[in-house]
Amino acid sequence: DCDLSNLNTTDLDGNIITSAIFNDYDVTMVNIWATWCGPCLSEIPELGKLQGMLPENAQLISICTDADTAAADAKEILKTSDATYTTLLPNDGLNKSFLSTVTAVPTTIFVDSTGKMIGEPVVGVPGNDAATAYLEKINALLAK
């Protein structure tokens, strides 16, 4: 089971990120991707678009599974995609508690204000209009 309630890592800019990142939001969408993954890269501009469409009580963050070794690439990809959401680096704790359960990238999960998973994960890119597909999923989770 995916659980980010003990999250403790850093983001691409070196800021320490803990599970407190979830506290102010009813739903956080967590997109897991890699710099070498073609479908991931094609999805990132959609995520950048989604970011501007989110309701106030929802947020989007990502985890780049190879950002520990490819941080410069990850930053460049996000920048060229106008994706300004927080992107986390993998570390031992995150790998053991959570990333070891991810079998494919991109995978997107949704967590509540404590970092516990809600709803079903989305494996792969949900169609040609990923931003709208994700927004519908987030709105459905918020309505529960």
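The values are calculated or read from the model by the stated rules, or taken from the named source; none is laboratory data. Just so it is clear, the model here is predicted, and its values are computed rather than measured. Cβ placement follows ideal geometry from the backbone for every residue including glycine, while neighbour counts extend to all protein chains displayed. The area values use the complete protein model at the heavy-atom level, side chains included, leaving out ligands, DNA and RNA. Shrake-Rupley method; radii C 1.70, N 1.55, O 1.52, S 1.80 Å.
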Peptides ranked, highest mean first, by Cβ atoms within 10 Å: ranges 133-141, 57-65: 57-65, 133-141
Given (1) 19.8; (2) 14.9; (3) 16.3, which label gives Kirkwood radius over Cα pairs in Å as computed from the coordinates? (2)
Reduced to Cα centres, the span from region 99-140 to region 21-81 in Å works out to 11 Å
Checking 132, 103, 87 against a Gaussian network model of the chain (alpha-carbon springs below 10 Å), the top fluctuating residue turns out to be 103
Extreme residue, positive dipole direction of the chain, given options 45, 105, 67 (C-beta unit charges): 105
Length gained, residue 73-residue 20, 0.36 nm per residue minus C-alpha separation, equals 16.4 nm
At residue 123 and residue 95, where each label point lies 7 Å from the Cα along Cα→Cβ, what is the point-to-point distance in nanometres? 2.2 nm
For region 1-49, what is the accessible area per residue in Å², given a 1.4 Å probe and the full set of protein chains? 46 Å²
